[in-house]
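Novice: Handing you this structure, nothing more for now.
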Amino acid sequence: MSDTKILVIGACGQVGTELVENLARTFGNERVIASDIREEASFPVKYIKLDVMDREAVKEVVLQENVSEVYHLAALLSATAEKHPEYGWKLNMDGLFSVLDLAKDGHLKKIFWPSSIAVFGPTTSKQNTPQYTVIEPTSVYGISKFAGERWCNYYHQRYDVDVRSIRYPGLIGWKSLPGGGTTDYAVDIFHQALKTGNYTCFLSEETALPMMYMPDAIKATMDIMAAPADKIKIRSSYNVSAMSFNPQDIANEIRNHIPEFSIAYDPDFRQAIANDWPASINDEEARHDWGWNPEFNLEKMVSDMLQNLNQNSIVKI
Ligand code: AKB
């Protein structure tokens, strides 16, 4: 821990915003650097504008700042990548190679890179989807994440790169607005429930998807990175899960706090993406290998989300 220096790439995103805070709290502000494509950003740590597609710039930051570990979060999510397929593939893949090659060349000790439930496709069993199964992604994002998983495993096997990965489900948090994901209805719904008392959902009411509250996602991310290397048996990416619900489930739970809340359903292009994803995930390997154990279920998450959005006046009622 004494010589740990962490660079978070894509720090301004939904995960990065909270991950930087938690890493700074654990390791100290001076041991964490936040970076993203934006000119400026407000973090409790040093911020550097960085384009992950610029390999030389990434290498320069890693060497100049004596970075030992990279959390590489920058990516185009599912819905946005469908609108910009070539850029989505390029950003998601070239960005990963920028970081993997630095580790291969001995400049990094450890890498975290997130995969996603998006790697699963319509030929995968939807209920309690296992770690090892048929994987035929149909979205640009899912294809890039599955390819990335195979490259992470290759770089570990061939070059002994210590890269660790988890397949994020839909993530829900109150500290940042969502950024182009198919599961992001589950964030938007809270903001609309508090602002207007109603929400029109872009997925159908019975579309069940694997979901996770952000505190659990941050816990999984930091736990897999803290685990001894010999505990990480899977070097593609681990299934992780916390809960599974559909838009009607979360609307009903919100109504337990806001009785007058109403929801309508108007599925758009994101319905086709969601239709190919699992409804629930089996994560027994993550629980066995490195002690994964989520804290939040739907009831606890809804209560915490509404309390924080209210208290932090992020949403004007
Ligand atoms: C998305 O919806 O694209 C992401 C994901 C499931 O990885 N939240």
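Novice: When the residues of the stretch 99-125 are filtered to those that are hydroxyl-bearing (Ser, Thr, Tyr) and touching a Gly at 6+ places or on another chain (Cβ under 9 Å), which remaining residue is farthest from the ligand (Cβ to nearest atom)?
Specialist: Applying the filter and picking the extreme gives Ser115.
Novice: Among the candidates Pro259, Pro278, single out the residue that is surrounded by fewer than 21 Cβ atoms within 10 Å (Cβ to Cβ) and either outside any helix (DSSP H, G or I) or touching a Ser or Thr at 6+ places or on another chain (Cβ under 6 Å) (or both).
Specialist: On inspection, the qualifying residue turns out to be Pro259.
Novice: Separate question: Does the stretch 142-164 include one or more residues that are more than 16 Å from the ligand (Cβ to nearest atom), under 17 Å from Leu298 (Cβ atoms) and at pLDDT 95 or above?
Specialist: There is no residue in the stretch 142-164 that is more than 16 Å from the ligand (Cβ to nearest atom), under 17 Å from Leu298 (Cβ atoms) and at pLDDT 95 or above.
Novice: Return the pair list, or none, for Cβ contacts closer than 6 Å from residues in the stretch 33-44 that are assigned to a strand (DSSP E or B) to residues that are of a type in the set (Asp, Glu), at least 6 apart or on different chains.
Specialist: From the stretch 33-44, the pairs are Ile33/Glu65.
Novice: Turning to a different aspect of this structure: Taking the stretch 165-183 as the region of interest, how many residues are within 12 Å of the chain's Cα centre (by Cα), over 16 Å from Tyr238 (Cα atoms) and more than 8 Å from the ligand (Cβ to nearest atom)?
Specialist: So the answer is 3.
Novice: Is at least one residue of the stretch 215-238 within 14 Å of the ligand (Cβ to nearest atom) and part of a loop (DSSP other than H, G, I, E, B)?
Specialist: There is at least one residue in the stretch 215-238 that is within 14 Å of the ligand (Cβ to nearest atom) and part of a loop (DSSP other than H, G, I, E, B).
Novice: Further question on the same structure: Do any residues in the stretch 62-80 that are touching a residue at least 60 places away in the same chain (Cβ under 8 Å) have Cβ atoms under 7 Å from those of residues that are assigned to a loop (DSSP other than H, G, I, E, B) and among the basic types (Lys, Arg), where the two are at least six apart or on different chains, and which pairs are they?
Specialist: Once the first residue is touching a residue at least 60 places away in the same chain (Cβ under 8 Å) and sits in the stretch 62-80, its partners that are assigned to a loop (DSSP other than H, G, I, E, B) and among the basic types (Lys, Arg) give Glu65/Lys5; Asn66/Lys5; Val67/Lys5; Ser68/Lys5; Ser68/Lys109; Glu69/Lys109.
Novice: Let me ask something else about it. Quick check on my filter: what residues within the stretch 62-86 are surrounded by fewer than 17 Cβ atoms within 10 Å (Cβ to Cβ) and away from the ligand (no atom under 15 Å from the Cβ)?
Specialist: Selection gives Leu63, Gln64, Glu65, Asn66, Ser68, Glu86.
The values are calculated or read from the model by the stated rules, or taken from the named source; none is laboratory data. Owing to the predicted nature of the structure, the values given are computational and were not obtained by experimental measurement. Cβ sites come from the backbone with ideal geometry, for glycine too, and all protein chains shown count toward neighbours.
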